[in-house]
Amino acid sequence: MAECEEQVEQVEQTEDEEDAAKLAYKPPAEKSIDEILNTDKEDESLKKYKEQLLGTDQKIFWEDDKRCVILRKMSILVDGRKDEEINLEDSSQLKNMKFVVKEGAKYRIMITFNVQREIVAGLKLINKISKGPFNDKEEYMVGSYGPKKEVYEFKSPEEEFPSGMLKRGDYKVKSSFTDDDKNDLLSWEWQFSIKKDWKD
């Protein structure tokens, strides 16, 4: 992500991340698309394979946007229900968007985004959830992606909203989308209210 505009801030290291650091994980060194394409260029089959995946040129689709990762929307997917969406390009929707959900309903979170300029590595979606004294955190490894004008869609594994009288009520979520260098690519806040039924 060498040519991308410097991101806003780095995400605070949590205890879990500190534990992971103890395992001595080191992110791979950043390489531009040109560097990747020029490595092992004497191997014709490998060269054709990399060109098929990455193209042969630097990929800049939105010249005025210096970001490598451009987040478009977040969706809550529930079978048999209309998708609930937050437009991540609209700053007015980045705070206090609220959804009503049925307790025990199974759902998935989908993030829609674009990548340009460089390959991005180790993308991650982090959700910090709170309700009174209750706090929880979900982390989803989104992966690594090369530049492409078409949108990418990441869907989380299927989850289930909590059930029971004590679990009903309003929850606040602070979401962030980060990369391998722990840069905060975008943060937003939203809420969901767990009800006994969809119509409550």
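The values are calculated or read from the model by the stated rules, or taken from the named source; none is laboratory data. Since this is a predicted model, take the numbers as computed values, not measurements. A quick note on method: Cβ atoms are made from the backbone with ideal geometry, for glycine too, and the neighbour counts reach across all protein chains shown.
Among residues of region 74-89 that are surrounded by 14 or more Cβ atoms within 10 Å (Cβ to Cβ), those with a Cβ under 6 angstrom from a residue that is among the acidic types (Asp, Glu), sequence gap 6+ or separate chain, pair up as Ser75/Asp83; Ser75/Glu85; Ile76/Glu84; Leu77/Asp83.
To keep it simple, each residue is scored yes or no on (1) of a type in the set (Gly, Ala, Ser); (2) within 24 Å of Asp79 (Cβ to Cβ); (3) at pLDDT 95 or above.
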site: Ile109; (1), (2), (3): no, yes, yes
site: Glu118; (1), (2), (3): no, no, no
site: Ile129; (1), (2), (3): no, yes, yes
site: Tyr152; (1), (2), (3): no, yes, yes
site: Val173; (1), (2), (3): no, yes, yes
site: Thr178; (1), (2), (3): no, no, yes
site: Asp200; (1), (2), (3): no, yes, no
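Residues that are charged (D, E, K, R) and crowded, with 17+ Cβ neighbours inside 10 Å were ranked within region 106-126; the one that is farthest from Tyr140 (Cα to Cα) is Arg117. Filtered by the rule that a residue be in contact (Cβ under 8 Å) with a residue 40 or more places away in the chain and farther than 21 Å from Leu125 by Cα, region 144-169 gives Lys149, Ser163, Gly164, Lys167, Arg168.
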